[in-house]
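Structure first, commentary second.
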C-alpha cells in the first residue's frame with residue numbers, strides 16, 4: 001500500500017523535538033458574554049541545528065498546540081553549530097523591548113538559559129551555551145529576539161568564502177585567540 005505525502009511528512013517528522021513554551025487563555029467578548037480560546041507558543045527542532053517557532057489559537061488547548069506545532073515545523077531555520085554542541089560566536093538579538101545575549105561556552109557548561117530560551121536551545125541541539133534576556137519577560141518577544149540573533153550567526157565556511165580565505169585560517173585565529181586568553185595574567 002502506497003503512503004500518502006502526509007504520512008511521509010509525519011514519518012519524517014518523528015525525530016522533531018517539540019517544546020510547549022506557553023499557553024494563554026484569551027477571551028473574546030460577544031453578545032452573550034465571553035467566549036474563551038487558547039493561544040499556544042511552541043518551539044520545534046531536530047536537535048541537529050534546525051529550529052523554528054510557531055503560535056496557534058483555537059477554542060481547545062490541543063488544537064491550539066497542534067496549529068502552533070505545524071507553524072513551527074514550517075518556519076524552521078538552520079543554525080550553524082560548533083562541534084554540534086555550541087554556537088560559533090557570541091551574538092545579540094533584539095525584538096521590540098526584548099534583548100537577548102547568547103554566548104558560546106566551553107564543553108561541560110550546559111544550557112544556562114531561562115524559560116523560552118532554554119526550549120530553543122534544547123530543540124536546536126545546543127549543549128553548552130550561556131544566555132541572558134533583558135528588557136522583557138514576554139515569551140513571544142524573547143523567542144523572536146533569540147531568533148533574530150540565531151539568524152545572524154555565521155559559520156566559518158561562510159566567513160571564509162566571503163573573505164576569500166580558507167576555513168583553516170579562520171578557525172586557526174579562534175584557537176590562537178583562545179590560547180592568548182589562557183596565557184594572559186589573571187587579576188586577583
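For residue 32, the stated conditions do not hold, so it cannot be described as crowded, with 21+ Cβ neighbours inside 10 Å and either in contact with a helix residue (DSSP H, G or I) (Cβ under 6 Å, 6 or more places away or on another chain) or over 18 Å from residue 151 (Cα atoms) (or both). Note on the stretch 93-125: residues that are in contact with a strand residue (DSSP E or B) (Cβ under 7 Å, 6 or more places away or on another chain) and loosely packed, with under 14 Cβ neighbours inside 10 Å total 1.
Looking across 4, 69, one residue alone is buried (at least 16 other Cβ atoms within 10 Å of the Cβ) and either modelled with pLDDT under 95 or within 23 Å of residue 117 (Cα to Cα) (or both). It is 69. Checking every residue in the stretch 86-96 against the condition of being more than 30 Å from residue 157 (Cα to Cα) and over 12 Å from the mean Cα position of the chain (by Cα) gives at least one match. Scanning the stretch 130-156 for residues that are at pLDDT 85 or above and in contact with a helix residue (DSSP H, G or I) (Cβ under 7 Å, 6 or more places away or on another chain), we see that the one that is surrounded by the fewest Cβ atoms within 10 Å (Cβ to Cβ) is 136.
In the set 109, 134, only one residue is touching a residue at least 24 places away in the same chain (Cβ under 8 Å) and more than 23 Å from residue 72 (Cβ to Cβ); that residue is 134.
The values are calculated or read from the model by the stated rules, or taken from the named source; none is laboratory data. Given the structure is predicted, the values throughout are model-derived calculations rather than measurements. Every residue, glycine as well, gets a Cβ built from its backbone with ideal geometry; the counts of neighbours run over all protein chains shown.
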